[in-house]
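I have placed the structure first, in the form of structure tokens, so that the comments after it can refer back to it.
The values are calculated or read from the model by the stated rules, or taken from the named source; none is laboratory data. Small disclaimer: the values here were computed from a predicted structure and weren't measured. When we count neighbours, we look across all protein chains shown, and the Cβ atoms used for this are built from the backbone with ideal geometry, even at glycine. Protein only, heavy atoms only, side chains kept; ligands, DNA and RNA dropped before computing areas. Shrake-Rupley method; radii C 1.70, N 1.55, O 1.52, S 1.80 Å.
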Amino acid sequence: MSRNILMKVVFSIVVLWVATHFTRQAKAQATNGIISGTVTDASGAAVPGVTIQVKNVNTGVTRTVLTNEQGRYRVPDLLVGAYEVQGALPGFQTVVQRGIPLTVGSERVVDFSLQVGQPETTVTVEGEIAQVDTTSTAIASLIEQKQIADLPLNGRNYTQLIALAPGVQQAARGTSGFYGRGANFSVAGARPEGQAFLLDNTNVQDFWNHGPGSAVLGTTLGVEAIAEFSTQTNTYGAQFGGAGAAINAVTRSGTNQFHGSIFEYFRNSALDARGPFDGPKLPTFRPNQFGASLGGPIRKNKTFFFTNYEGLRRGLGLTRVTFVPDANAHNGILPGLNPIPLSPLIQQLLTYYPIPNNSVGGGLGRYSVVATQVGNEDYILGRVDHMISATDSVFARYIRDRADFTDPFSGSNLPLWPETHRTGNHYATIEERHISWALARTGRCLSRLPRNRRRRLCTGRVASAAEADFEPWLAVQLCFESRHRQASAQCHYGFRQRNGLCPSAQCL
């Protein structure tokens with residue numbers, strides 16, 4: 001199975017290379033931004049042939065285009081970040097506009113008015129860029145990296161910020177580790193399923209298409225790696241997809257300066273309030289989140305990297321109270337009845353019920369027990385950006401997100417049938433971009449391998465294991481768009497499910 005998947009990935013990369021080198025220009029994808037505008041002279045007439053340089057302030061990467069006969073220019077497929085734009089033409093003063101923030105999926109209009117003079121004379125303009133998007137009718141709410149870092153997030157789950165968008169309500173969370181414990185969102189009263197979750201234009205939903213992150217823990221790690229994201233709630237383009245909303249996120253990239261972080265959050269249950277059924281000893285609750293990130297240049301102004309690791313270790317003690325047969329009932333002695341001879345099968349059945357802490361009568365007693373739910377998760381992200389030339393660039397990103405959750409009760413108040421859920425998500429994206437005549441040709445190869453496994457220990461006369469195992473799913477997608485044509489190719493390799501269920505008579 002793994003060898004076949006590897007061969008398919010290699011074949012897809014070869015197809016990607018061939019297609020990207022022999023395909024016509026295509027529009028930029030939804031994650032990156034666009035800077036466009038018009039250049040005029042002092043009389044308001046269009047000025048053709050002006051050299052426009054667009055520079056990413058953080059990486060130093062510069063793109064150069066010329067205005068057309070109408071004095072217009074357009075620079076597509078720009079990474080999010082801060083930019084400055086320069087316009088120059090012999091016989092006119094050079095104009096530089098700084099402080100241009102480019103957000104995910106946005107288009108900024110930067111117009112120039114050139115004055116007659118020497119090109120050596122530079123006029124610098126700052127802070128005059130309109131913050132209102134005048135090129136799109138889409139309704140979206142932007143969440144920036146500062147908001148992600150500063151706003152309180154329980155469990156460092158950035159998807160909680162989706163509810164900041166107008167018309168978005170958080171629905172009830174899932175309760176099943178197999179189906180998913182993540183939060184669901186309803187947009188404008190729509191069903192709380194089916195939203196599109198994109199990360200760098202890659203679908204990162206789980207195997208039930210309920211949301212990103214670990215389904216078994218209901219977490220979405222990777223806060224340190226998210227640069228920003230927007231929640232598209234209405235009239236957005238068809239490239240997003242989704243039913244009711246499209247959450248479009250972009251990961252951070254390296255810059256010419258090294259930057260990083262290290263963190264650890266730890267909680268102790270010593271000061272927690274006691275529950276109504278807790279005994280003298282308070283059940284433990286000790287979540288621990290930790291991680292680090294690092295980004296910087298591999299080659300200045302050319303190649304950059306960013307990597308992030310986040311870990312979660314959580315133990316939650318729970319107190320459960322139930323009623324079980326008392327000591328007399330274990331021996332076949334019930335109130336008001338003669339002793340009942342017990343068959344060996346009934347005696348074996350009664351061994352699964354512990355002796356109660358105190359008797360309540362009628363052959364029953366109350367039993368209180370404490371057991372710990374254990375959840376662990378490891379999230380790793382790596383990203384590399386490389387500028388081949390002023391018109392060609394390559395981007396690659398890989399995510400590995402593995403988690404497990406063990407429930408000692410598993411639907412029962414007795415910790416006799418513990419159930420373990422595991423998820424393993426792998427998302428890989430390789431993208432090549434080529435810019436020509438203000439159009440962007442993009443070739444992308446992506447791989448999605450979401451996996452979920454559930455295992456329950458069954459006890460009975462013959463012990464066995466019940467599991468539902470979904471084998472990896474590989475999706476390879478090649479998308480090429482232009483103003484007049486669109487072509488795409490997708491290969492999907494579905495789940496292979498294996499069920500080894502316990503006989504119903506032996507699963508108690």
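Yes or no, residue by residue, for (1) modelled with pLDDT of 85 or more; (2) part of a loop (DSSP other than H, G, I, E, B); (3) under 29 Å from Leu79 (Cα atoms); (4) open to solvent by 20 Å² or more (accessible area, probe 1.4 Å):
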{"site": "Gln147", "(1), (2), (3), (4)": "yes, no, yes, yes"}
{"site": "Leu153", "(1), (2), (3), (4)": "yes, yes, yes, yes"}
{"site": "Pro166", "(1), (2), (3), (4)": "yes, yes, yes, yes"}
{"site": "Phe178", "(1), (2), (3), (4)": "no, yes, no, yes"}
{"site": "Gly182", "(1), (2), (3), (4)": "no, yes, no, yes"}
{"site": "Leu198", "(1), (2), (3), (4)": "yes, no, yes, yes"}
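Looking at Thr124, is it within 27 Å of Asn301 (Cα to Cα) and modelled with pLDDT under 90? If you could, list the steps in order and put the result at the bottom.
Numbers: within 27 Å of Asn301 (Cα to Cα): yes; modelled with pLDDT under 90: yes.
Considered against the rule, which asks whether it is within 27 Å of Asn301 (Cα to Cα) and modelled with pLDDT under 90, Thr124 comes out as yes.
Before we move on, is Thr420 assigned to a strand (DSSP E or B), more than 28 Å from Asp77 (Cα to Cα) and in contact with a Pro (Cβ under 7 Å, 6 or more places away or on another chain)? Before you say what the answer is, go through the steps one by one.
Details: assigned to a strand (DSSP E or B): yes; more than 28 Å from Asp77 (Cα to Cα): yes; in contact with a Pro (Cβ under 7 Å, 6 or more places away or on another chain): no.
So Thr420 fails the test.
Look through Ser253, Ser230 and report the one residue that is within 26 Å of Ile399 (Cα to Cα), assigned to a strand (DSSP E or B) and touching a Gly at 6+ places or on another chain (Cβ under 9 Å).
Working: Ser253 fails: assigned to a strand (DSSP E or B).
Going through Ser253, Ser230 in turn, the sole match is Ser230.
Restricted to region 50-74, and to residues that are within 14 Å of Val39 (Cα to Cα) and polar (S, T, N, Q), which residue is surrounded by the most Cβ atoms within 10 Å (Cβ to Cβ)?
Applying the filter and picking the extreme gives Thr67.
If only one of Thr251, Thr220, Thr233 is of a type in the set (Ser, Thr, Tyr), within 18 Å of Leu161 (Cβ to Cβ) and at pLDDT below 85, which one is it?
Working: Thr251 fails: at pLDDT below 85; Thr220 fails: at pLDDT below 85.
Answer to the selection: Thr233.
In this structure, is Thr351 surrounded by 14 or more Cβ atoms within 10 Å (Cβ to Cβ) and at pLDDT below 90?
Working: surrounded by 14 or more Cβ atoms within 10 Å (Cβ to Cβ): no; at pLDDT below 90: yes.
For Thr351, the condition - surrounded by 14 or more Cβ atoms within 10 Å (Cβ to Cβ) and at pLDDT below 90 - is not met.
Taking region 75-106 on its own, how many of its residues are surrounded by fewer than 18 Cβ atoms within 10 Å (Cβ to Cβ) and among the charged types (D, E, K, R)? Quick ask: steps written out before the conclusion?
Here is the first cut: in region 75-106, the residues surrounded by fewer than 18 Cβ atoms within 10 Å (Cβ to Cβ) are 82, 88, 90-91, 93, 96, 98-99, 101.
Subset that is among the charged types (D, E, K, R): 98.
Number of matching residues: 1.
When only residues in region 217-259 that are over 20 Å from Glu144 (Cα atoms) and hydrophobic (A, V, I, L, M, F, W, C) count, which is farthest from the chain's Cα centre (by Cα)?
So the residue we want is Phe258.
Among the residues of region 370-394, write down those that are at pLDDT below 90 and open to solvent by less than 40 Å² (accessible area, probe 1.4 Å).
Result: Asp392, Ser393.
Residues are listed down the side, and each one gets a yes or a no for (1) of a type outside the set (Ser, Thr, Tyr); (2) under 28 Å from Ser136 (Cα atoms):
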site	(1), (2)
Gly81	yes, yes
Gly91	yes, no
Thr94	no, no
Gln97	yes, yes
Gly105	yes, yes
Arg108	yes, yes
Gln115	yes, no
Glu120	yes, no
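When residues of region 19-36 are filtered for being open to solvent by 10 Å² or more (accessible area, probe 1.4 Å) and at pLDDT 85 or above, how many remain?
Matching residues across region 19-36 total 2.
Can you tell me which residues in region 40-69 are within 22 Å of Ile100 (Cβ to Cβ) and polar (S, T, N, Q)?
Hits for region 40-69 are Thr40, Thr51, Gln53, Asn56, Asn58, Thr59, Thr62, Thr64, Thr67, Asn68.
Out of region 402-419, which residues are open to solvent by less than 30 Å² (accessible area, probe 1.4 Å) and under 29 Å from the mean Cα position of the chain (by Cα)?
Listed by number, the residues that qualify are Ala403, Phe405, Asp407, Pro408, Ser410, Glu419.
Go through (1) buried (at least 20 other Cβ atoms within 10 Å of the Cβ); (2) among the small types (Gly, Ala, Ser); (3) modelled with pLDDT of 90 or more for Ser261 and report which single condition fails.
(1)
Please identify the pairs in which a residue from region 72-95 that is farther than 19 Å from Val57 by Cα and without any contact (Cβ under 8 Å) to a residue 40 or more places away in the chain has its Cβ atom under 9 Å from the Cβ atom of a residue that is of a type in the set (Asp, Glu) and surrounded by fewer than 22 Cβ atoms within 10 Å (Cβ to Cβ), counting only partners at least 6 apart or on another chain.
Gln93/Glu120
Evaluate the following for Ala82: is it part of a strand (DSSP E or B) and of a type outside the set (S, T, N, Q)?
Values: part of a strand (DSSP E or B): yes; of a type outside the set (S, T, N, Q): yes.
Considered against the rule, which asks whether it is part of a strand (DSSP E or B) and of a type outside the set (S, T, N, Q), Ala82 comes out as yes.
Find the residue count for region 267-325, including only residues that are touching a Leu at 6+ places or on another chain (Cβ under 9 Å) and either within 30 Å of Asp401 (Cβ to Cβ) or at pLDDT 85 or above (or both).
Residues in region 267-325 being touching a Leu at 6+ places or on another chain (Cβ under 9 Å) and either within 30 Å of Asp401 (Cβ to Cβ) or at pLDDT 85 or above (or both): 27 in total.
Yes or no: region 322-343 includes at least one residue that is within 40 Å of the chain's Cα centre (by Cα) and open to solvent by 20 Å² or more (accessible area, probe 1.4 Å).
Step one: filter region 322-343 for residues within 40 Å of the chain's Cα centre (by Cα), giving 322.
Among the residues that remain, those that are also open to solvent by 20 Å² or more (accessible area, probe 1.4 Å) are: 322.
Yes, some residue in region 322-343 is within 40 Å of the chain's Cα centre (by Cα) and open to solvent by 20 Å² or more (accessible area, probe 1.4 Å).
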